[in-house]
1. So how many residues does the range 114-140 have that are crowded, with 22+ Cβ neighbours inside 10 Å and of a type in the set (S, T, N, Q)?
2. Output the helices (runs of 4 or more DSSP H) that fall wholly within the range 130-214 and possess 2 or more residues being closer than 30 Å to Pro29 by Cα and touching a helix residue (DSSP H, G or I) at 6+ places or on another chain (Cβ under 7 Å), or say none.
3. Please find, among Ala24, Ala46, Ala78, the residue that is of a type in the set (A, V, I, L, M), in a helix (DSSP H, G or I), without any contact (Cβ under 8 Å) to a residue 24 or more places away in the chain and surrounded by 13 or more Cβ atoms within 10 Å (Cβ to Cβ).
4. What about Val364, is it under 19 Å from Asp417 (Cβ atoms), out of contact with any strand residue (DSSP E or B) (no Cβ under 6 Å at 6 or more places or on another chain) and in a helix (DSSP H, G or I)?
5. Here is a list of conditions, (1) at pLDDT 95 or above; (2) surrounded by 15 or more Cβ atoms within 10 Å (Cβ to Cβ), and Ala392 meets all of them except one; can you say which number that is?
6. Which of the residues belonging to the range 311-361 are aliphatic (A, V, I, L, M), in a helix (DSSP H, G or I) and under 27 Å from Ile255 (Cβ atoms)?
7. For the range 252-282, which residues satisfy the criterion of being in a loop (DSSP other than H, G, I, E, B), of a type in the set (A, V, I, L, M) and either under 22 Å from Ser334 (Cα atoms) or touching a Cys at 6+ places or on another chain (Cβ under 6 Å) (or both)?
8. Considering each of Ser318, Ser312 in turn, give the residue that is over 22 Å from Leu151 (Cα atoms) and of a type outside the set (A, V, I, L, M).
Amino acid sequence: MLRYPSLRRPLDILFLVCCIALTADVLVPEIWGNGKTKDYPLWHWAGQQVLQGKNLYPDNPAATFEFIYPPLSAVLLAIPSWFGKIPLYLCLSFLNIIAWWMTAQFSHAMAGSGHKPGPWLEALPGIVTVTFVFDMFDLGQPNLVLLALMLYGFWLLRDQRGWMAGSMFALATAIKVFPVAVLPYLVWRRQWAAAVSMLVFVGVFLFVLPGPFRGFQHNATELKTWYQGMVESSSEKGFGQRDEQNWSWVNQSIIAVTHRLTRPVNYNQDNPSKPVRTMNIVNVDFKTANLIVLAISLAIGLGYVAVMPPASRRTERSDAEELGILFCLMTIASPLARQYYFLWLFFPITVLIHRAAYDPRPAVRTGTWVLLAVSGGLLCLSLPLFPLDLQAYGNNLAATVLLTAGLVWHMRRPPADAALPQAAGKLQLDANNKAHSQG
């Protein structure tokens, strides 16, 4: 089902036009304006630090970090940074274009419906998540590339290529740590090759690969500083070097929303000029709030394990729903889940769109479209038209919970003709694709 863009398909042409416009948003300010802002200058700075052999982090882990990612990210940025800002920005935009296309391709191919979607249905997940994609280009964040890497990893896992899959998961983790949440899933599903490969390659990407460029001792020292400043730093003030964002409305993770609802924290703290605003419905101390977060996380984890079908009952369809839930949980489990993190809902949305279009039960199709519409409405509350208070209460988190509930329902109540063993389901999918291509 994977394919290249085609100039014979109008919606593919629209995709290319969007990519050109989004790339122009990155390059035009740099070439003809006052310079591209957001994270792009930081990426160039980090690449130059590597090229010039300078430190990425301050000597004191308690000091403010300009660059908050592991050293591998800076090493990867150094290569295009050697050519200057414009080649770097163009390279990052090109990576986002490839990731956007491949994310859609992998999502539809692994949706588990046994159908090849028509042009508009194929484009629908990209249309409803286009604001998140815009953020990827505009801000210069790597979350879209990480999503493509994770989906490619699961694509490889379908073909029993565990070691290659683990390397993709490891690369995503070494660039931006939150994809590490996939490891417990691999262990639970006894994907031992992928789990071991992920651990091995995380070590390679963090300790071995940067060594020749940074010096092994220098890299080890910087990793220690990064770990102390990013992972070990946690207090009532905040965590991970971005205290002003941790408890504010911009963060819609389980951790942040729980703390905002249980402690009188100022969710306007990202902007000191704004008045102090709180939204807590109870008033507990920092330690108790953390225990509540732990209890919620444990309940979610146990619930996820409970709804997973046993290995003997797994199908292509149930695997898609299971992975959709996993992507939802990885998104909201990240300590810092800003607006653009919810781009990772692309795959869960795609799976539910396939259910809404192809489930043989009319009432289920209608209900799934309604669920998608309500979830989309919640996501739209993040647009500038609406007050920030709505985001403080977790509109994206609520949408993610709703999508998760829909995926759980479909996984637990498949249509009667969907209860095929996994291998038989794959053979049926291949047969459908072959018939479609011949037609």
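The values are calculated or read from the model by the stated rules, or taken from the named source; none is laboratory data. Note that the structure is predicted; figures quoted are calculated from it, not measured. Here Cβ is always computed from backbone atoms with ideal geometry, including for glycine, and neighbour counts include all displayed protein chains.
1. The total comes to 1.
2. Once the helices (runs of 4 or more DSSP H) in the range 130-214 are filtered for at least 2 residues that are closer than 30 Å to Pro29 by Cα and touching a helix residue (DSSP H, G or I) at 6+ places or on another chain (Cβ under 7 Å), what remains is 130-139, 143-158, 162-175.
3. Numbers: Ala46 fails: without any contact (Cβ under 8 Å) to a residue 24 or more places away in the chain; Ala78 fails: without any contact (Cβ under 8 Å) to a residue 24 or more places away in the chain.
Every option except Ala24 fails the conditions.
4. Details: under 19 Å from Asp417 (Cβ atoms): yes; out of contact with any strand residue (DSSP E or B) (no Cβ under 6 Å at 6 or more places or on another chain): yes; in a helix (DSSP H, G or I): yes.
In short, yes.
5. That leaves (1) as the condition not met.
6. Within the range 311-361, Leu323, Ile325, Leu326, Leu329, Met330, Ile332, Ala333, Leu343, Leu345, Ile349, Val351, Leu352 meet the criteria.
7. Of everything in the range 252-282, those that are in a loop (DSSP other than H, G, I, E, B), of a type in the set (A, V, I, L, M) and either under 22 Å from Ser334 (Cα atoms) or touching a Cys at 6+ places or on another chain (Cβ under 6 Å) (or both) turn out to be Val265, Met279.
8. That would be Ser312, the only listed residue that is over 22 Å from Leu151 (Cα atoms) and of a type outside the set (A, V, I, L, M).
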